[in-house]
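Undergrad: One structure, pasted below without further comment.
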Amino acid sequence: MMTVQIAEQTPLGKWIREAGHEQGRVEGKLEGKIEFVERFLRHRFPALESEFSPAGMEGAAVERLLDALYDAGDETQARRAIETARA
């Protein structure tokens, strides 16, 4: 039976390890963006924070939502941005 240390020395083992690290970086970046949306809402539109959670959204949708929230001049525009993100 091959140990993990030996398996990681093979080209396939190295590829699997690198793919796992890359996936972790992507997931970490998305989690950071989701946390930023939550913090942004808490700071700028606190009434909306309890009504909406970006958890479960895909990365591109979170980025579009961030842009729209940043550009929103008031709570009504922020609500529209959230509704668009949910669709």
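The numbers here are math on the coordinates, done by the rules we state, and not lab data. Because the structure is a prediction, the values reported are computed rather than measured. So basically every Cβ, Gly included, is an ideal-geometry build from the backbone, and we count neighbours across all protein chains shown.
Undergrad: Using only the alpha carbons of the range 32-87, determine the length spanned along each of the three principal axes and report them from longest to shortest in whole angstroms.
TA: Between the extreme Cα coordinates on each principal axis of the range 32-87 lie 25, 18, 17 Å.
Undergrad: Report the GluC sites (Glu not before Pro) located in the range 56-87 that are in a DSSP loop and have at most 10 other Cβ atoms inside 10 Å of their Cβ, or state none.
TA: Glu58
Undergrad: Ala87 to Gln9: extension gain in nm, 0.36 nm per residue of separation minus the Cα-Cα distance?
TA: 23.5 nm
Undergrad: Ok, one more. Which whole-Hz ³J(HN,Hα) couplings does the range 37-45 yield from phi under the Karplus relation 6.51 cos²θ - 1.76 cosθ + 1.60, θ = phi - 60°, glycine and proline marked x?
TA: 3J(HN,Hα) across the range 37-45, in whole Hz: 4, 4, 5, 4, 4, 4, 7, 9, 10.
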